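Encoded as structure tokens, the structure appears first; notes follow it.
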Amino acid sequence: MVLPFDFLDSMAWAVVAAAVLLGVTMLKLPYKASSGSVDAEGRNLRIGLAAAIGTSGLYLFLTGIAISFIWPFGAISGGLYNVLFGGVPALGGLLLLGGSIALFLNSSLAPVSYFAVVVGLYAVVGAYAMVSYGLTKEPLVSALGYLSFSVTAFLSVPATHSDNKRLKWIFAVFAFLFALAWVIQATGFTLGHLQPPPPT
């Protein structure tokens, strides 16, 4: 079944929300890497962030899987856009779900960061393909969106393994830059989807 529409605009806005939430989590949540948990005073914030991040992750996972199985881009270039726009969101959604579960259970975020590195590498390959093969209407902008995620994913390792505030700030700054890059993508997707058809 090939649908006459895709989920790219709403998916991109979910990425923006997730990126902002990740930055806020690193700045506001009293998470201690040394103990792998959040102090008691951060309980309500921890649970709220877990729910918000998990919601974004669930949406990205479901829509990524839908793109992978329904193949709304099947008629374009033999389905390569289904791989490009389905795989990274599906794995990214799983990553966010894993992080939200770890937060909810007040467990260490360090193991989640290892998964983040792998998904980040996958996004690097996608970005390379965009630039090398001229994929999407604006390959450089699209590739920067994927790379902004990758850098944030890689920075999650030092940020979750150390109580150094500078490392947490660096992660948060790149998470907000990641969000900004995807605001640009999301705006383009939404405007493209809402553009009325040419008059006949």
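Annotations
- Cα convex hull volume per residue for segment 76-118 (Å³): 45
- Contact order normalised by residue count of segment 8-188, Cα under 8 Å, 6+ apart, percent: 30
- For segment 109-148, a/c is not less than 1.5, where a ≥ b ≥ c are the root eigenvalues of the C-alpha gyration tensor, and a/b tops b/c. That puts it in the prolate class.
- For the chain, the dipole from Cβ point charges (+1 on Lys and Arg, -1 on Asp and Glu) about the Cα centre works out to 420 debye, to the nearest 20.
- Neighbour net charge for VAL38 - beta-carbon separation under 9 angstrom, K R +1, D E -1: +1
- Contact order relative to length of segment 119-200, as percent, for alpha carbon pairs under 8 angstrom and 6 or more apart: 27
- Model label points for ILE65 and VAL173, set 7 angstrom from Cα along the Cα-to-Cβ axis, are 3.8 nm apart.
- Size descriptor, Kirkwood hydrodynamic radius, that averages inverse alpha-carbon separations across the chain, Å: 17.2
- The chain - mean residue ellipticity at 222 nm from DSSP helices (-39,500 (n - 2.57) per run, n ≥ 4, rounded to 500): -27000 deg cm²/dmol
- DSSP-assigned coil residues among trypsin sites (Lys or Arg not before Pro) in segment 26-127, each with at most 13 further Cβ atoms within 10 Å: none
- Dimensions (Å) - segment 37-122, Cα atoms, principal axes, largest first: 53, 22, 12
- Here is the result for segment 107-175: no chymotrypsin sites (Phe, Trp or Tyr not before Pro) lie in DSSP coil with at most 15 other C-beta atoms within 10 angstrom of their C-beta.
- Most positive-pole-ward Cα, SER142, HIS193, PHE174, against dipole of the chain from beta carbon charges: PHE174
No value in this document is a laboratory result; all are computed from the given coordinates. Keep in mind the model is a prediction, meaning the values are calculated, not measured. Every residue, glycine among them, receives a Cβ derived from its backbone with ideal geometry; neighbour counts consider all protein chains shown.
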